Amino acid sequence: MRFTTEQRIGHLLSWANEWNGTTRGRSMWAYSLSLGGSHALLNDWVNNERLMDLLTQEERSAIDEARRRATRRESVAHRTAR
């Protein structure tokens, strides 16, 4: 499945909004799979400098914060599963 630049940005922002405030969103992996793509789909987009350069600073900050929160949640879940 191919996504336009606008669709990619929309999905990145939608995923980040799941982590807005006190809500806990899906992992990048789970969101990527829900789009019918590879588990690494969102991660590839976040690491695409050209795509990220199209975002405003506020949008980039929202995605960065969502990544931090998602990573923290996964880290805690992994430690408690041991």
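Only the coordinates and a few stated rules stand behind these numbers; no lab work does. All values derive from a computational prediction rather than experimental measurement. As a convention, Cβ positions derive from the backbone with ideal geometry for all residues, glycine included, and neighbour counts pool all protein chains shown.
Results, tabulated for the structure shown:
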read-out: Selection count, region 24-37, where residues are without any contact (Cβ under 8 Å) to a residue 12 or more places away in the chain, hydroxyl-bearing (Ser, Thr, Tyr) and either out of contact with any helix residue (DSSP H, G or I) (no Cβ under 9 Å at 6 or more places or on another chain) or within 14 Å of ASP64 (Cα to Cα) (or both); value: 1
read-out: Per-region count, region 29-69, residues in contact with a Lys or Arg (Cβ under 8 Å, 6 or more places away or on another chain) and among the aliphatic types (A, V, I, L, M); value: 3
read-out: Test: residue in region 10-27 that is over 10 Å from the mean Cα position of the chain (by Cα) and on the phi > 0 side of the Ramachandran plot; value: yes
